[in-house]
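Okay, so here's the structure we're looking at.
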Amino acid sequence: MRAFTTLTAKVAPLDRPNVDTDAIIPKQYLKSIKRTGFGQFLFDDWRYLDAGDLDIPVASRRPNPDFVLNQPAYRDAQILLSRENFGCGSSREHAVWALDDFGFRAVIASSFADIFYNNSFKTGFLPVALTADVIETLFRELAANPGYTLTIDLPAQRVITPGGLAHAFDIDAFRKDCLIRGLDEIGLTLQHADAIRAYEARRREQAPWLFTNPV
Amino acid sequence: MSATPRTLYDKIWDEHVVRDSGDGACLIYIDRHLVHEVTSPQAFDGLRLNGRKPWSIAANLAVADHNVPTTDRAGGITDPISRTQVDALDSNCAEFGITEFRMNDRRQGIVHVIGPEQGATLPGMTVVCGDSHTSTHGAFGALAFGIGTSEVEHVLATQTLVAKKSRTLRIVVRGQVGPGVTAKDIVLAIIGRIGTAGGTGYAIEFAGEAIAALSMEGRMTVCNMAIEGGARAGLIAVDQTTIDYCKGRPYAPKGETWDRAVAHWRTLHSDDGAVFDSEVVIDAQSIQPQVTWGTSPEMVLPVTASVPDPASVGDAVKRSGMEKALAYMGLQPNQPIESIAIDKVFIGSCTNSRIEDLRAAASVVRGKRKAANVKLALVVPGSGLVKAQAESEGLDRIFTDAGFEWREPGCSMCLAMNADRLEPGERCASTSNRNFEGRQGQGGRTHLVSPAMAAAAGIAGHFVDVRSFV
Ligand code: SF4
């Protein structure tokens, strides 16, 4: 997994609550069996005026000029700013892959749906939750300052504004450590293979019905 | 034995901790892993890339459901991209030795329908699947939740997940619902009350007389939509209804092991005095048949109400969300919900495609005809076994006589990954679980309702209160 430590980058606003995973990456793209290439379809229904599909070349489509990510000012943004309950809906990790593939490294919002939040870390992508008041301020500053940037300092758990104001955020220790060091979670878990085997042996005694499949 | 009263969630959690790292992250054991074609290919690739094998092959059960056609399957899948994904599942399962119900197996169906149907979901288990509606299985007093593809790979490789304990929320539905009010209405009313983020960070236990009175089908409908209230997991205590449902299913234990299992399952309820982090109480009598009017499941009202007016909302973010939703849905403020005409009906999905759902819809449709303005009314059973049962009861004929179409099992128009979808601007009375923009087809407009309400709308051509519909 790619590591994340600190990032200073341009911010793009997506000013709505409840941005759901169907909006982030619509279902027709989930038919891809790859892990890459989803960035071109990020926010597809909002970003294009015509309907898309995996086999329709993006170059042939009509972008919606009003959509924020189609505005040149935000094309190289690496931080997305949004509102509450970001990433609600399905479990599709494709949503994270699409944001990541588009070029985003982090989302800042006032709250996140659990599965999206959890999925983010697997790609080295950072979801940062700040209070609704701080989010409101950031939206205002962003609107007033073209080329607005923020710094996310993960080791210090802070988001720092161009004015030097630091907003602290929470993240649990295990996730933070994995992200900073770019660790492979499966490899880490397999270091405890003996504990898993011991647990299984005990459960086979206690609850044998969990291990009785039809043949 | 700990003397402190524990919640159902605590009991299942405690039994599954393999290792507690002390910093809040635990390694928990996963008893059952359900696999479908959309979220698994990259996980199997990951295994191959790292030279890993599934930890416990028998813990996995796979089925293709999202991409499968609901019309004649003899010719296979015509869409080449869908076919590639289903083929990938077939070959991955064959390569790793995982049991899969293939497209033409009569046990094939929606993953959340076939797990319980086969007895592959049992009380007290941890159940995961790369699908957010895995919460469905919590109806069995199992800890069941959706995971992303990286976690699918983690479960395949290690039979465990790294997880943090959730907070607990008990939602008590007191008393009994009135006639014509179903499990779907209960859960929609709950989401209307707590909001789509109300359950974020929580495992919800649904309790109270109205929940205890539900069949397993009804309980699955309620837990299915826990995720729509923001909770990864919904849970319901085990009782005789649960045990009766499990008995005799192919994956369920038999003989002496069954007796041992049942003795344990009877302990799977929250103890008296167990403390929840939060609690919500709802009076069942206050719940009426529900219809969503917007683009989020929390945008829901009784069928007797009118579309809300954003002008009456003070909070600016909320008001603009409502305005966007009404514009997308093509609705006017203050328009009575019963005046909203529909173009299509969809009866199906992992929320409402079980035998009881089909019976409820059929009883409304019997002897009537689909309204002329309704272009298509689809009935999609949740599994091949549900379909066979419905046909043995003659339900298919009731639907087709009324002009409804009777299809092969799968996810179908719940998310429109196959050919079943809404065209831009089309309005649908749907028994599924999500009314997000574009969910049932780009530009499509979804209203979530119960099977009986969807059936009634198909006959009337617009929403009607099923309680007064004759
Ligand atoms: S029926 Fe709908 S919600 Fe259920 S698993 Fe299929 S696509 Fe997901």
Exercise. Within segment A:165-186, how many residues turn out to be open to solvent by 50 Å² or more (accessible area, probe 1.4 Å), closer than 27 Å to A:ALA143 by Cβ and in a loop (DSSP other than H, G, I, E, B)?
Worked result: 2
Problem set entry | Hits in segment B:38-66 - residues which are facing another protein chain (nearest Cβ under 9 Å), of a type in the set (D, E, K, R) and in contact (Cβ under 8 Å) with a residue 12 or more places away in the chain | B:ARG52
For this session: Could you list all residues from segment B:67-102 that are open to solvent by 20 Å² or more (accessible area, probe 1.4 Å) and within 13 Å of chain A (Cβ to nearest Cβ)?
Result: B:ASP79, B:PRO80, B:ILE81, B:ARG83, B:THR84, B:ASP87, B:ASP90, B:SER91, B:GLY97, B:THR99
Seminar exercise, completed: Filtering segment A:194-215 down to residues that are more than 8 Å from every other protein chain (Cβ to nearest Cβ) and part of a helix (DSSP H, G or I) yields A:ASP194, A:ARG197, A:ALA198, A:ALA201, A:ARG202, A:ARG204, A:GLU205, A:GLN206
For this session: Within segment B:80-111, count every residue that is within 16 Å of the ligand (Cβ to nearest atom) and assigned to a loop (DSSP other than H, G, I, E, B).
Result: 3
Seminar exercise, completed: Flagged in segment B:214-244 as open to solvent by 10 Å² or more (accessible area, probe 1.4 Å), away from chain A (no Cβ under 14 Å) and either among the β-branched types (Val, Ile, Thr) or away from the ligand (no atom under 15 Å from the Cβ) (or both), in numbering order, are B:LEU214, B:SER215, B:ALA237, B:ASP239, B:GLN240, B:THR241, B:ASP244
Seminar exercise, completed: Taking segment A:33-85 and keeping only residues that are outside any loop (DSSP other than H, G, I, E, B) and of a type in the set (A, V, I, L, M, F, W, C), one is left with A:PHE41, A:TRP46, A:VAL58, A:ALA59, A:VAL68, A:LEU69, A:ALA73, A:ILE79, A:LEU80, A:LEU81
Seminar exercise, completed: When every residue in segment A:111-129 that is under 19 Å from A:ASP20 (Cα atoms) and assigned to a loop (DSSP other than H, G, I, E, B) is compared, the one most open to solvent (accessible area, probe 1.4 Å) is A:SER111
For this session: Among the residues of segment B:394-405, write down those that are farther than 25 Å from B:VAL63 by Cβ and either assigned to a helix (DSSP H, G or I) or within 16 Å of the ligand (Cβ to nearest atom) (or both).
Result: B:ARG397, B:ILE398, B:THR400, B:ASP401
Problem set entry | Odd one out for A:LEU142 among (1) open to solvent by 50 Å² or more (accessible area, probe 1.4 Å); (2) assigned to a helix (DSSP H, G or I); (3) away from every other protein chain (no Cβ under 14 Å) | (1)
Exercise. So which residues in segment B:310-363 are open to solvent by 30 Å² or more (accessible area, probe 1.4 Å) and basic (Lys, Arg), if there are any at all?
Worked result: B:LYS318, B:ARG319, B:LYS324, B:ARG359
Seminar exercise, completed: Checking B:GLU391, B:GLU408, B:GLU426 in turn, the sole residue that is more than 10 Å from the ligand (Cβ to nearest atom), over 21 Å from the mean Cα position of the chain (by Cα), surrounded by fewer than 23 Cβ atoms within 10 Å (Cβ to Cβ) and under 23 Å from B:ASN104 (Cα atoms) turns out to be B:GLU391
Seminar exercise, completed: Considering segment B:374-385, residues that are outside any loop (DSSP other than H, G, I, E, B) and open to solvent by 10 Å² or more (accessible area, probe 1.4 Å), and then whichever is farthest from the ligand (Cβ to nearest atom), we arrive at B:LEU376
Exercise. Taking the condition surrounded by 15 or more Cβ atoms within 10 Å (Cβ to Cβ) and within 12 Å of chain A (Cβ to nearest Cβ), does B:CYS129 pass?
Worked result: yes
Problem set entry | Filter result (among the hydroxyl-bearing types (Ser, Thr, Tyr), crowded, with 19+ Cβ neighbours inside 10 Å and within 26 Å of B:MET125 (Cβ to Cβ)) within segment B:269-302 | B:SER270
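Residue-by-condition table, conditions (1) open to solvent by less than 10 Å² (accessible area, probe 1.4 Å); (2) in a loop (DSSP other than H, G, I, E, B); (3) closer than 19 Å to B:ARG32 by Cα:
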{"residue": "B:LEU156", "(1), (2), (3)": "yes, no, yes"}
{"residue": "B:GLN176", "(1), (2), (3)": "no, yes, no"}
{"residue": "B:GLY180", "(1), (2), (3)": "no, yes, no"}
{"residue": "B:ARG193", "(1), (2), (3)": "no, no, no"}
{"residue": "B:GLU205", "(1), (2), (3)": "no, no, no"}
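The values are calculated or read from the model by the stated rules, or taken from the named source; none is laboratory data. As the structure is a prediction and not an experimental result, all values here were calculated from the model. As a convention, Cβ positions derive from the backbone with ideal geometry for all residues, glycine included, and neighbour counts pool all protein chains shown. Side chains are part of the model used for accessible areas, which takes the heavy atoms of the whole protein and leaves out ligands, DNA and RNA. Shrake-Rupley method; radii C 1.70, N 1.55, O 1.52, S 1.80 Å.
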